[in-house]
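Here is the structure we will look at.
The values are calculated or read from the model by the stated rules, or taken from the named source; none is laboratory data. Just so it is clear, the structure is predicted and the values come from calculations on it, not from any experiment. Please note: Cβ atoms are built from the backbone with ideal geometry, for glycine as well, and neighbour counts cover all protein chains shown. Quick note on the areas: whole protein, heavy atoms, side chains included, nothing else; ligands and nucleic acids left out. Shrake-Rupley method; radii C 1.70, N 1.55, O 1.52, S 1.80 Å.
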Amino acid sequence: MLQVKDINVYYGAIQAINNVSLEVEKGEIVAIIGSNGAGKSTLMRTLSGLLRTRSGAIRFLDEDITDLEPDAIVRRGISQSPEGRKIFTNMSVHENLLIGATTRTDAQGIKEDMEHVLERFPRLRERLKQNAGTLSGGEQQMLAIGRALMSQPKLLLLDEPSMGLAPNLVAEIFDIITDVKAEGVTVLVVEQNAHKALGIADRAYVLETGSLVLQGTGQELLHSDKVREAYLGG
Amino acid sequence: MKFWAIRVGSILLAVLVSYGIGMVAQGSSGTVSRLIALAGLYVTLAVSLNLINGITGQFSIGHAAFYQVGSYTAAFLASQLLARGTINNLGTPIPWVLAAVGIAIVTSGIAGFLIGLPSLRLRGDYLAIVTLGFGEILRIIIQNTPQLGGSYGINSPKAFVVPYVWMLAFLCIGACRNLLQTAHGLSFLSVREDEVASGAMGVNVTRVKVAAFVLGSAFAGAAGALLTFNEGFINVNSFTMDVSFIILTMVVLGGTGSITGSIIAALALFTLPEFLRDAPPMPLNAVLGTLAGVALLVGTIRLALDQKKLGRDFLTPKTYMGFGIAAVGGVIVSILANFLPALANRTIPSAELRMVIFSAVLVIMMLLRPQGIFGHREFGLGSIFKRAQA
């Protein structure tokens, strides 16, 4: 579904992503784990079109999307829940969700998806008219995921969904990710919480200082000595 | 059905009110009629700048430039193409006026597009400097172009445009309000909130920013064209930086992003100084004393408000003491001022007094309610009905 081939991304003279190639198949959950500064978020932002590659190619559903604008990429079916959630804090929960559907024009479909998202996140329904800034961290993350789902993505990019959340909320968010997959949405998740991410991932990659150093199924990596040592605390 | 009834009803109402205002203006003196027109123009200017500044969050402070483009477009066309005989006797045929307004909308929209382009790369203060610079450059170029009247200005035919001025104001208000009701309007707000996140959601940030600039400046340009026909004479002094700042003040004072706030602040800031124009000259020491008293009073209120935030009472003995100090301090300053030779027995003419009050109001607002009168909120008939039902 998504093929990334040998991409290089720079911030000015500094190389953040070095010859990264990866693949995501339809219906999978793919995790990318790595520590701070490994380039995880850079990779996500590149896939969304917010950053440009210097070389390499990104293909989605057999179409080259390397140089497309972010809104064109959303239209093709890739949407992102960005790092740090980036919800619109001065707008209501309802408005936040509507912005997620900004690339769509089918009023009826938007209504149905809104209902669907609110069924999945009942707490958002309770707070529908509230300013999104008044939500708790967990609710904000749910809103960010719900907002990304409003564009009817084929591929959902999740950037550090567990960041700053209490352990029980982290578990809840990962349950939601599994549910989303069950509904046929392919998920690419980037995480520092390697344990949780590998636990639900069909396949995973390990990113270190801009390069992919390991790959395998979630279970393989969860039990690999190298990963245990570096990311799971021995 | 109800939707269209409301829509058609409000358009009819706006047209009727505009003609009503026009009739009032026709029945009153030339000065009052002119003020009624200018008030409407300022409402349009404030609401259209609010679209760029408040709703889309692009800090533009050169709004007078677009006003000027529209005004000069109309003046140039009218002075070149219309018979000289119609000058100064309200004789310009209305279709002519409307055609000139249409062309002014196009030219100022193009100017807005050109200024909107750098806004794609600039943010905050930097964009403010570019817009300010554009306004000044434009004004100075016109001042030095004899074909555009140079520093003297252009005489243009006049017309009675008060109803059209107010129709434009209502159109501008309606356009902004309806924009905010749509998904498209939400994307404008989202750009103000967070550009990167809106981009990631699929909002075309480039298009939103440029659209805000084009729309906002087109409205300002239309206002400029109507100004030309209302005044019959324009020159560059009507479009100085001061004008830009007054429009900006209206937006900020009303609450950035609030359309209602912009309208009310525009009317208030425009009319209050006009009332003060006829006030008698005030003794300087009394003015200074009042200012000192008000400053102390505002300081006390500010401190008491901070106390209240911590859960304590607003009115404590300390607050009363502050009020007392404010009163006594004001009196002392006014007495002391009379002992200083430089300040004694002077008066402030009313024309300058209004600027003093104007600035004082701004400072007080920024201290007591920095988010503006309305903050981000709106106030409309709908919300009154809703509250009445609840």
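The figures follow:
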read-out	value
Check on B:Val69, open to solvent by less than 40 Å² (accessible area, probe 1.4 Å) and touching a residue at least 12 places away in the same chain (Cβ under 8 Å)	yes
Every residue from segment A:32-68 that is of a type in the set (S, T, N, Q), within 19 Å of A:Gly12 (Cβ to Cβ) and in a loop (DSSP other than H, G, I, E, B)	A:Thr53
Subset of segment A:49-61 that is within 11 Å of chain B (Cβ to nearest Cβ) and either of a type in the set (Gly, Ala, Ser) or touching a residue at least 40 places away in the same chain (Cβ under 8 Å) (or both) - its residue that is least open to solvent (accessible area, probe 1.4 Å)	A:Gly49
B:Leu227 being modelled with pLDDT of 90 or more, more than 13 Å from B:Ile55 (Cβ to Cβ) and assigned by TED's automatic domain parsing to the domain that holds B:Ile137	yes
Count - residues of segment B:297-319 that are at pLDDT below 90 and open to solvent by 50 Å² or more (accessible area, probe 1.4 Å)	15
Among the candidates B:Ala292, B:Ala268, B:Ala327, residue that is of a type in the set (A, V, I, L, M, F, W, C), modelled with pLDDT of 85 or more, part of a helix (DSSP H, G or I) and crowded, with 16+ Cβ neighbours inside 10 Å	B:Ala292
Among (1) open to solvent by less than 20 Å² (accessible area, probe 1.4 Å); (2) of a type outside the set (Gly, Ala, Ser); (3) away from every other protein chain (no Cβ under 14 Å), the one test that B:Thr240 misses	(1)
Filter result (polar (S, T, N, Q) and not in a helix (DSSP H, G or I)) within segment B:27-62	B:Ser28, B:Ser29, B:Thr56, B:Gln58, B:Ser60
Hits in segment A:72-113 (condition: free of Cβ contacts under 8 Å to residues at least 40 places away in the same chain, under 16 Å from A:Leu158 (Cα atoms) and more than 10 Å from chain B (Cβ to nearest Cβ))	none
Residue check, A:Ser136 farther than 29 Å from A:Ile58 by Cα and either within 14 Å of another protein chain (Cβ to nearest Cβ) or not polar (S, T, N, Q) (or both)	no
Cross-chain or 6+ apart pairs with Cβ under 7 Å, segment A:14-37 first and hydroxyl-bearing (Ser, Thr, Tyr), then open to solvent by less than 20 Å² (accessible area, probe 1.4 Å)	A:Ser21/A:Val4
B:Val214 being of a type outside the set (Phe, Trp, Tyr), part of a helix (DSSP H, G or I), open to solvent by 40 Å² or more (accessible area, probe 1.4 Å) and in the same structural domain as B:Leu13 (by TED's automatic domain parsing)	yes
In segment A:62-71, the residues that are surrounded by fewer than 18 Cβ atoms within 10 Å (Cβ to Cβ) and either in contact with a Pro (Cβ under 8 Å, 6 or more places away or on another chain) or facing chain B (nearest Cβ under 10 Å) (or both)	A:Glu69
Candidates B:Thr249, B:Thr228, filtered to the one that is away from every other protein chain (no Cβ under 14 Å), open to solvent by less than 30 Å² (accessible area, probe 1.4 Å) and within 15 Å of the chain's Cα centre (by Cα)	B:Thr249
Number of positions in segment A:87-119 that are among the charged types (D, E, K, R) and at pLDDT below 90	2
Segment A:1-38, residues that are under 17 Å from A:Ala197 (Cα atoms) and small (Gly, Ala, Ser)	A:Gly27, A:Ala31, A:Gly34, A:Ser35, A:Ala38
